[in-house]
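Just below is one structure, and these are the notes that go with it.
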Amino acid sequence: MTDVLRQTRRTIEEHGLLAPGDGVVVAVSGGPDSLCLLHVLLRLREEYGLRLHVAHLHHGARGADADADAGFVATFAAECDLPVTIEKRDVPALARTYRLAFEETARRVRYAFLARVAGEIGAHKIAVGHNADDQAETVLMHLLRGAGLAGLRGMLPITPITEYRLLAPFLHLSSGQPTDQPSNQPTILIRPLLDVPRSEIERYCADCGLTPRFDRSNLDTTYFRNRLRHELLPLLETHNPNIRTRLCHTAAVVAADYELLVQLRAQGWAEVVREERETAIVFDRTAWQALPVALQRATLRQAAYRLRRCLRDVDFVHVENGRRVGLVGETGAQATLPMGLVLTVGYDTLTMGDAVDIGPLPDEPLLWGVEPLPVHLPGTTLLPRSEWVLRAEVMEEWDVAQIAAITDPWMAYLNADMFADPLVLRPRRRGERFRPQGMGGHSVKLSALMINLKIPRAWRDRVPLLAAGDEIVWICGRRIGERVTVGPETRQVARLWFERAEREV
């Protein structure tokens, strides 16, 4: 059995999470993790001279249960004689506005809220209740998505809030303005419970007489993380009962190795980069070729991330292809990388930048591979090397008139009775034809239709096509096929829509 207080203190000391006199905003949802976190920090308050402030965000979902959560946190904070900030956001509406998954929207809105509260009260630490099981799930999630070392580190015990990108659109949602803080004291996110298993947190709550709230959405396996938690990890435990511990150990080892790689990459970057522009990065070819293999890969990845900041990861195949071309390619040789990037060999340079006449990157789902991608119905399909996912569900009830009124091009209601196996996402094939809705079943050349739809040539091979068997049923974001149009005789309707995926916790 883990001594939660002792383990938390050890994590705090090992990673320098707290300093004497720290002001700490404690994110409290009302669940066991956050309630345990607050209770432990209260026990450590005098030891560290902490100034604690409770913060709770109502996500505008789950109705009366969420209202009760907010009331519970307010009451608990009052009983502990702690100041508390409770606010509400309409996260479902924001998810629709920004075309994000609900859980990803909630994460961004929540972190923006916590950062603003910290600024207002002059605190420089934000404590959240992620635990060892959360860490194992995160590492596994990143592994399945093909992440590199940065992703396989999982969550870090201490992270500057500025490293969480894409919060800016949500900062204005909070009332008030952040207090300007000295540059030498940035707002830091800390995870004191990161080494404590979920089971021990629940035991701690029971032993201390704490009665946390229960969020039923944590049982909803339409969310990717919940499927890992309730389905995949229990299955893996039948092969290795210690799989969660092993994943956490992997994260710790990778995190330490990654720190060393970052230092070496910075040194190598300074030695080999001749020029860095917004649209291109130029390497000295001879100097780059002299780097160790790990740094050749690392500098190529780093260049791709700097030029395409929305990239999660660069596939190993792309990196190796670029490395091979950089080593043996003749002048003018090129290697294709994700999101319209190419590596071009010059006489004495290697240049990574936009492909010729590629045009601006569209802010929409694109495919970066040639192999068909099986679609989960119902379920979530991840688009490799992309921040987008395809959600799919089978509708129990529907209204034909309401379906006809849908204006979102990235959402489709299709007659699932007409689906043939397999159901996949894939790019176009040479000579294909398509039967668009409203043309009485007549087919047109797909290439000609894409021209008429004003899809730039450079992106036509990247547009996702939903195919059922050998037939294209949806040019995603553009046109629905005639055969799968929902009508009065339809018995089963599939709803499919694209949204930006959940990121790290």
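Listed values, structure above:
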| quantity | calculated |
| --- | --- |
| Selection from segment 28-49 of residues that are more than 17 Å from D134 (Cβ to Cβ), assigned to a helix (DSSP H, G or I) and not hydrophobic (A, V, I, L, M, F, W, C) | H39, R43, R45, E46, E47, Y48 |
| Residues of segment 423-436 that turn out to be modelled with pLDDT of 90 or more and either touching an Asp or Glu at 6+ places or on another chain (Cβ under 8 Å) or assigned to a loop (DSSP other than H, G, I, E, B) (or both), as a count | 6 |
| Criterion: crowded, with 19+ Cβ neighbours inside 10 Å, under 24 Å from A401 (Cβ atoms) and touching a residue at least 12 places away in the same chain (Cβ under 8 Å) - qualifying residue of R491, R500, R495 | R495 |
| Test: D421 is of a type in the set (D, E) and not assigned by TED's automatic domain parsing to the domain that holds V473 | no |
| Residues (in contact with a helix residue (DSSP H, G or I) (Cβ under 8 Å, 6 or more places away or on another chain) and surrounded by 15 or more Cβ atoms within 10 Å (Cβ to Cβ)) located in segment 438-464 | R460, V463 |
| Candidate set from segment 68-100 (those that are of a type in the set (D, E), surrounded by fewer than 17 Cβ atoms within 10 Å (Cβ to Cβ) and within 27 Å of the chain's Cα centre (by Cα)); member that is nearest to V389 (Cα to Cα) | D90 |
| Within segment 48-84, tally of residues that are touching a residue at least 12 places away in the same chain (Cβ under 8 Å) and under 23 Å from P20 (Cα atoms) | 13 |
| Any hit, segment 473-482, residues being in a helix (DSSP H, G or I), under 24 Å from Q402 (Cα atoms) and more than 25 Å from the chain's Cα centre (by Cα) | yes |
| Filter result for the condition that a residue is buried (at least 18 other Cβ atoms within 10 Å of the Cβ), at pLDDT 90 or above and of a type in the set (G, A, S), over A270, A298 | A298 |
| Extreme residue, surrounded by the most Cβ atoms within 10 Å (Cβ to Cβ), among residues of segment 421-437 that are among the charged types (D, E, K, R) and farther than 22 Å from T381 by Cβ | R435 |
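The values are calculated or read from the model by the stated rules, or taken from the named source; none is laboratory data. Since the structure is predicted, the reported quantities are computational estimates derived from the model, not experimental observations. Neighbour counts run over all protein chains shown; Cβ positions are idealised from the backbone, glycine included.
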